Amino acid sequence: MIPYTATSIAIKGYSESPLAKSEKSDCVVRAVASAYDIHYDKAHKWVADNFKRIPKKGTYGFNIGMDKMSYNNTRFNYKKTKTIDSKFLTTNGGKSKMTVGTFVKLNDKGTYIIRVAHHAFTIKDGDSNDKPVSIMTAHLFSSNMMFSVLMSR
């Protein structure tokens, strides 16, 4: 099982934020806050500004936006984003080659934003900021997921 770090610990300011308490469908905001080590409210504003997220409505265009950050070598909070090519995650024809659990076993160091079927979360050094029950067996498909590796300076 993937170790789980409670959201209140994994994300700065999450427990105190009235904004966080009023949100839903904010998995991308939580993933960004956790991965980039920033306050929940700052991540909320950043995701709204960069991905045109409407409060309580989820985030659309996340993959494209993160890919652009990788391509342009954009830094955010002194961290750089790198997209992991999906060919390392799938076999020919887009069939899944691994689950999130398998990915974590093979990549237990570093910070990753992982997107699977309408959901995003962070893995940091093998720990998830999302409940492991919902992600452990999720399959990684090139058509509906993206990984970003975040490297310090």
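The values are calculated or read from the model by the stated rules, or taken from the named source; none is laboratory data. Since we're looking at a predicted model, the values are computed, not measured. For neighbour counting, all protein chains shown are included, and Cβ atoms are generated from backbone atoms with ideal geometry for every residue, glycine included.
Only a single item in (1) modelled with pLDDT of 95 or more; (2) polar (S, T, N, Q); (3) under 15 Å from the mean Cα position of the chain (by Cα) is not met by Ser25, and it is number (1).
Residue check: Asp49 meets all listed conditions (1) crowded, with 16+ Cβ neighbours inside 10 Å; (2) acidic (Asp, Glu); (3) on the phi < 0 side of the Ramachandran plot but one, namely (1). If the condition is being in a helix (DSSP H, G or I) and surrounded by fewer than 17 Cβ atoms within 10 Å (Cβ to Cβ), then the stretch 1-18 contributes Ser8, Ile9, Pro18.
Scan the stretch 83-104 and tell me whether some residue there is closer than 16 Å to Ala6 by Cα, surrounded by 13 or more Cβ atoms within 10 Å (Cβ to Cβ) and either at pLDDT 80 or above or over 13 Å from the mean Cα position of the chain (by Cα) (or both). No, the conditions are met nowhere in the stretch 83-104. Beta carbons closer than 6 Å, at least 6 apart along the sequence or on distinct chains, pair a first residue in the stretch 48-67 that is under 15 Å from Asp26 (Cβ atoms) with a second that is small (Gly, Ala, Ser) and in a helix (DSSP H, G or I) for Asn50/Gly65; Phe51/Gly65. Scanning the stretch 31-41 turns up one or more residues that are in contact with a Leu (Cβ under 6 Å, 6 or more places away or on another chain), in contact (Cβ under 8 Å) with a residue 40 or more places away in the chain and not charged (D, E, K, R). Determine if the stretch 131-144 includes at least one residue that is at pLDDT 80 or above and either among the charged types (D, E, K, R) or crowded, with 18+ Cβ neighbours inside 10 Å (or both). So far as the stretch 131-144 goes, no, none of its residues is at pLDDT 80 or above and either among the charged types (D, E, K, R) or crowded, with 18+ Cβ neighbours inside 10 Å (or both). Residue by residue through the stretch 20-41, note down the ones that are assigned to a helix (DSSP H, G or I) and surrounded by fewer than 16 Cβ atoms within 10 Å (Cβ to Cβ). Within the stretch 20-41, Lys21, Ser22 qualify.
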